[in-house]
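Here's the structure we're looking at; comments come further down.
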């Protein structure tokens, strides 16, 4: 079997300046490739920081504005109003949604460290709220809240 000699110099094919300069112009060196990737990564990171910078420029507090009616117990102030027909059971100002309320009262038996028992009274006010509200930052938001 005969092998072909594909060497361009021995075949008489001139390596013209146009042929080499075309490939040299389009060669991407390792340095140019790494610089391109670095610029791309920096640009991508910078674009990702734009929303964070916008949030940092304007302080945002998504917490709801509590109602003005307060109740103080043991030195703690709670923004809770009573509930019943014609009363607003939510504890959030500018709230539109569903409110669930459970007022549970009863008795229980407590055991003291010495083993003696006594009857205890309890009264719980449990609520949940699910809907839209105006936050302290003035934006309309959606959320679910509850307390026991």
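The values are calculated or read from the model by the stated rules, or taken from the named source; none is laboratory data. In this text, all values refer to a predicted model and were calculated from it rather than measured experimentally. Glycine gets a Cβ as well: all are built from the backbone with ideal geometry, and neighbour counts include every protein chain shown.
Can you find a residue that is under 30 Å from residue 138 (Cβ atoms), assigned to a strand (DSSP E or B) and at pLDDT 70 or above anywhere in the range 43-62? No - not one qualifying residue is present in the range 43-62.
Would you tally the residues in the range 66-90 being closer than 18 Å to residue 136 by Cα and out of contact with any strand residue (DSSP E or B) (no Cβ under 6 Å at 6 or more places or on another chain)? Of the residues in that region, 4 qualify.
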